[in-house]
Amino acid sequence: MPRLALINTGGTIASRPDPGGAGLTPQTPPQLQGLPDVDVTTFQPFTLPSPHVTPQHMHALRALIEREAQHFDGVVVTHGTDTLEETAFFLHLTLGTHTPVVLTGSMRHAEELSWDGPGNLLDAAQVALHPATQGRGPLAVFGGDVFDARTVTKVHTTAVDAFGGYPGPIGRIDHGPHGAELRYFARPETRPVFGPDTITARVEILYAYAGWQGEGFAEAAARAQGLVIAALGTGNLPPELLPLIQESPVPVVIATRTHAGPVLPVYGYAGGGATLVRAGAVPASFLNAHKARLLLMILLSLGAGRDEIARVFRDGAF
Ligand SMILES: NC(=O)C[C@H](N)C(=O)O
């Protein structure tokens, strides 16, 4: 019998209206239905709405998976959708296990007619136990789409089809006359594994906008060990930011607030991406700001200096 570890962490997939409370809260972990021939062992490291999940929770989840995965053929993590992509990417960066790990959740709760928890959980379990999932690192499964942890992102606040991210899913699971059919559109890749003992570094994100004069930059640079800026377009900023980045006491990574495409240092006007890179900033490649933050936190927690940080982001070594 295939053995599956089901790790429940909270989110809407575990939520119901709180009697006497203000709204939904995580209460009851979901149960896997539809796979009677699978031996399921359940873990519950925490029960949180995902806006309460921190990198320390991700680190604890990683330790649990590293410890337990060897006893299982697949691991499914149920998680709130708001920060699911951050936990998925943290696990992508830090998990060394070869056992497939799949994250899923739901957009509707168990008392709604459109409850999408059981279907997503079944899909996630079938993906995790499928031989073609071997060697792919942590994945996210939602609405039948299978996503890479590096690119997956929540693209809708309420739709059941809430996950996307350029360039889209790397696989698809459907249920045909012969049962589950899983297809991948890309081959597995090897990836480096980063293994910090603890997550000690503080990294903050600043969000750029037309007319930003750098408000908040100095304060953030004084209390953090690294900064990520969700910049404009290909990674450009208003001119007032250029001297701040030049003199920044901490590494600055430039991501984009645009929803797809790389950060590319092409513009040479003050604050243009080429001038920011010349001033020492590091382009985040295709990572969104909150994933770039996790990578920077992990690198800083491992003691990486500016050159090593720049190399990892530049080479896409993640
Ligand atoms: N659909 C969800 O799971 C959203 C919820 N707020 C959470 O992330 O915990």
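The values are calculated or read from the model by the stated rules, or taken from the named source; none is laboratory data. None of the values given here were measured: they were computed from a predicted structure. Quick reminder, even Gly has a Cβ in these numbers, built from the backbone with ideal geometry, and neighbours come from all protein chains shown. Side chains included, ligands, DNA and RNA excluded: accessible areas come from the protein's heavy atoms. Shrake-Rupley method; radii C 1.70, N 1.55, O 1.52, S 1.80 Å.
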Note: residue 266 to residue 27 extended length (0.36 nm per residue) minus current alpha-carbon separation gives 81.1 nm
May I have the pair-distance distribution P(r) for the chain, computed from all Cα-Cα distances with 20 Å bins from 0 and rounded to whole percent?
33, 54, 14, 0
Students often check this: by mean Cβ neighbours within 10 Å, which of 14-22, 92-100 ranks highest, and how do the rest follow?
92-100, 14-22
Give me the percent of the accessible area of the chain that comes from carbon and sulfur atoms, probe 1.4 Å, all protein chains in place.
54
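Roll a 1.4 Å probe over the protein chains and send me the accessible area per residue for the chain in Å². List each step's numbers first, then the result.
Details: 14060 Å² over 318 residues.
Computed with neighbouring chains in place, this is 44 Å² per residue.
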Between the range 198-228 and the range 1-51, what's the alpha-carbon centroid distance in Å?
35
Sorted largest first, the C-alpha extents of the range 3-184 along its principal axes in whole angstrom are 46, 39, 36
Highest-fluctuation residue, 286, 43, 147 considered, GNM on the chain with Cα pairs under 10 Å:
43
Cα centroid of the range 283-297 to Cα centroid of the range 136-180, whole Å:
21
Which value, in Å² and to the nearest 10, is the accessible area of residue 257 when all protein chains are kept and the probe is 1.4 Å?
100
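For 301, 114, give the ranking by accessible area with the largest first, probe 1.4 Å. Show your work: numbers first, answer last.
On the way: 301 30, 114 55 Å².
Result of the area sort, largest leading: 114, 301.
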Relative contact order, percent, the range 3-184 [alpha-carbon distance under 8 Å, six or more residues apart]:
20
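Peptides 74-85, 126-137: what's the order by average Cβ count within 10 Å, highest mean first? Can you show the working numbers first?
Numbers: 74-85: 25.6, 126-137: 19.5.
Those peptides, ordered most packed to least, come out 74-85, 126-137.
When the helices in the chain are scored as -39500 (n - 2.57) per DSSP H run of 4 or longer and the sum is shared across all residues, what 222 nm value do you end up with, to the nearest 500 deg cm²/dmol?
On the way: 8 runs with 80 residues, N = 318.
Roughly -7500 deg cm²/dmol at 222 nm, from the helical runs in the chain.
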Expected field for residue 264, accessible surface area in Å² at 1.4 Å probe radius, rounded to 10, holds 90
The ³J(HN,Hα) series, computed from each phi in the range 170-179 with the Karplus coefficients 6.51, -1.76 and 1.60 at θ = phi - 60°, rounded to the nearest Hz and given as x for glycine or proline, is 9, x, 8, 10, 9, 10, x, x, 9, x
Taking all protein chains together and a probe of 1.4 Å, list 148, 307 from the most accessible to the least accessible.
307, 148
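Accessible area, 1.4 Å probe, largest first: how do 156, 290 sort? Kindly include the intermediate steps, with their values, before the conclusion.
Values: 156 80, 290 60 Å².
Descending accessible area places them as 156, 290.
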Nearest-10 value in Å² for the accessible area of residue 267, using the 1.4 Å probe:
110
Long-range amide H partners of residue 103, meaning residues 5 or more apart or on another chain whose placed amide H is closer than 5 Å, are 77, 139, 140, 141
